[in-house]
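In what follows, a single structure is set out as structure tokens and then discussed.
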């Protein structure tokens, strides 16, 4: 196969969530010295972006998004160590958790998978995460973004409590805060002082990338 | 074990030998932007029309949820309940995670309400059960606890046991606790529904409790959701589910009523045949006018 054929294969097979074929494609690419960066940026990422676009249009459904993202993850498991060697700029690190008092996690888990598929390093703190744990883990991992998820109108006020805890710990400006969950709105996100909100997993990826880019543009490395 | 709920003048009985209890899910602003905006502005007219439409479509009860961010939920749920009670005469399931909203709802409810819901978390049990006991209501108990949603049926059964036992401590009879065995979305986990079905059978066999779940969860993120819900409900009923908060789309209601007959809860097909005649009469009426 030519390099172009491999890139096309990675794109096509990721799009339909065929994980074994994607892994085979990556290994074949490596065997013929195709650069890991090209496989990532010219095959896998465009494919997952297309998956996200189809999902937003209503052409793709949740299971299709999940298996595509998992196929991408399989490829990333192979490529990640190689990309680290060549010093590719990381998409970003995303620390995620469902707020204290809330155990809902389907939406959060979907976000995690889509984020990982898009190249993020995701650290998932699980459900019922108290503010002090978010503070401690942000200090430990120094993520680009922290995501708070809440499914109930009663637990949404924890967004504010978490943000207050970050302020108190003096780390609010170090991290981008995103919020989400079924009852959450842009208006509510603004009211609690979050940096970003998105309505679903696919737009969360876009939003996170956009906010990270904005921040990197502001602070030249 | 029968759970008895009442509106102003109607009684609904939920039990293993009763027809399945359909609780209409529609009056819930989560994910309904226009409806949420109306409610925010104090306009509850949609509550009245949704109540009537769901009862006409076959709902035995209605669920009412007032969960909108940054609104006075106790106040809103009161006005929604008043509107619904004026529009229809069926028992209501008062749905909120805010204790004050449950309390406010119970204070204006005429009859014997179903409270949605408590979990097996100590704090929630201590806050909600006294309220349920004081108002002589029944309650839905979600089979999860502080640690999240248990993966195995056995763990969910333990949560259910804990809720029934705690309810007993407050003088709430076992028949007045409906266990929610937790329906998860099959689109995110291929085994999600088989786990729910196994949980339903286990709770029926071990506790004999009535159960209620949010049936539409199973089809989240998939096309033709009503058809999936309509496929799921008879399976859940065969496993022992006795009520659900669900869509009153025709395919869902019909599939529940068919399963009632097939499972022996509609003797000699009396309700099934009566519903057929009513539809036929309505069609003939429409043709002659």
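Where a number appears in this text, it was derived from the coordinates with a stated rule and is not lab data. Just so you know, these numbers come straight off a predicted model, no measurement behind them. Glycine also receives a Cβ, built like all others from the backbone with ideal geometry; neighbour counts cover every protein chain displayed.
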Checklist entry - Of the residues B:215, B:258, B:101, which exhibits the maximal mean-square fluctuation in a Gaussian network model of chain B defined by a 10 Å Cα contact cut-off? => result B:258
Checklist entry - When B:222, A:34, A:15, B:178 are ordered from fewest to most other Cβ atoms inside 10 Å of their Cβ, what list results? => result B:222, A:15, A:34, B:178
Checklist entry - Given the C-alpha centroids of segment B:91-159 and segment B:22-43, what is the distance between them in whole angstrom? => result 21
Next on the checklist: Taking only the Cα atoms of segment B:118-247, how large is their convex hull per residue, in Å³?
Outcome noted: 96
Checklist entry - Once both axes come from the Cα atoms, what is the angle between helix A:45-57 and the longest principal axis of chain A, in degrees from 0 to 90, rounded to 10? => result 60
Checklist entry - Based on the Cβ-Cβ distance of residue A:28 and residue A:77, what FRET efficiency does E = 1/(1 + (r/R0)^6) give at R0 = 22 Å, to the nearest 0.05? => result 0.85
Checklist entry - What distance in nm separates the simple spin-label points at residue B:43 and residue B:17, each placed 7 Å from Cα in the Cβ direction? => result 5.0
Checklist entry - Ranking B:156, A:54 by Cβ neighbours within 10 Å, fewest first, what do you get? => result A:54, B:156
Checklist entry - Once label points are set 7 Å from the Cα along Cα→Cβ at both residue B:285 and residue A:5, what is their separation, rounded to one decimal in nm? => result 7.0
Item to check | Residues of segment A:51-73 with amide N under 19 Å of a point placed 7 Å along Cα→Cβ from residue A:186 | outcome: A:53, A:56-58
Next on the checklist: From Cα pairs below 8 angstrom and at least 6 apart in sequence, can you work out the relative contact order of chain B, rounded to a whole percent?
Outcome noted: 18
Item to check | Gained length - residue B:170 relative to residue B:275, 0.36 nm times residue gap less alpha-carbon distance | outcome: 33.7 nm
Checklist entry - How far is helix A:157-168 tilted, in degrees, relative to the longest principal axis of the Cα atoms in chain A, given as a value from 0 to 90 rounded to the nearest 10? => result 90
Checklist entry - In Å and whole numbers, how far do the C-alpha atoms of segment B:173-230 stretch along each principal axis, longest first? => result 40, 19, 15
Checklist entry - Under a GNM of chain A (C-alpha, springs under 10 Å), which listed residue has the highest mean-square fluctuation: A:30, A:166, A:211? => result A:30
Checklist entry - For chain A, taking Cα atoms only, what is the radius of gyration to one decimal and the Dmax to the nearest whole Å? => result 17.9, 57
Checklist outcome for this item: Rounded to whole angstrom, the alpha-carbon centroid of segment B:233-289 lies from that of segment A:153-181 at a distance of 48
Next on the checklist: I'd like the FRET efficiency for residue A:164 and residue B:110, computed as 1/(1 + (r/R0)^6) with the beta carbon distance as r and R0 of 41 Å, rounded to 0.05.
Outcome noted: 0.45
Item to check | For chain A, calculated [θ]222 nm from helices alone, where every DSSP H run of n ≥ 4 adds -39500 (n - 2.57) | outcome: -18000 deg cm²/dmol
Checklist entry - When only Cα pairs under 8 Å and 6 or more residues apart are kept, what is the percent relative contact order across segment A:3-85? => result 41
Item to check | segment B:75-158 - convex hull of the alpha-carbon atoms, volume per residue in Å³ | outcome: 100
Checklist entry - Using Cα atoms only, what is the angle between the long axis of helix A:62-85 and the major principal axis of chain A, expressed in degrees (0 to 90) to the nearest 10? => result 80
Checklist outcome for this item: With no solvent term and unit scatterers on the alpha-carbon positions of segment B:3-288, Debye gives log₁₀ I(q)/I(0) at q = 0.13 Å⁻¹ of -0.88
Checklist outcome for this item: What the 5 Å binned alpha carbon P(r) of segment A:93-218 shows, as percent of pairs per bin from 0, is 2, 12, 25, 27, 23, 9, 1, 0
Checklist outcome for this item: Per its Cα gyration tensor (rounded if a/c is under 1.5, else prolate when a/b beats b/c, else oblate), segment B:66-119 is best filed as oblate
Checklist outcome for this item: Cα gyration tensor of the protein assembly as shown diagonalised, 5x eigenvalues square-rooted, in angstrom largest first, produces semi-axes 44, 27, 21
Checklist entry - When only Cα pairs under 8 Å and 6 or more residues apart are kept, what is the percent relative contact order across segment A:93-218? => result 27
Checklist entry - Working from the pairwise distances between different alpha carbons, so that the mean of 1/r is found and then inverted, what is segment B:1-118's Kirkwood radius in Å? => result 14.2
Item to check | Two-decimal ratio, segment A:3-85, of alpha-carbon radius of gyration to 2.2 N^0.38 Å | outcome: 1.03
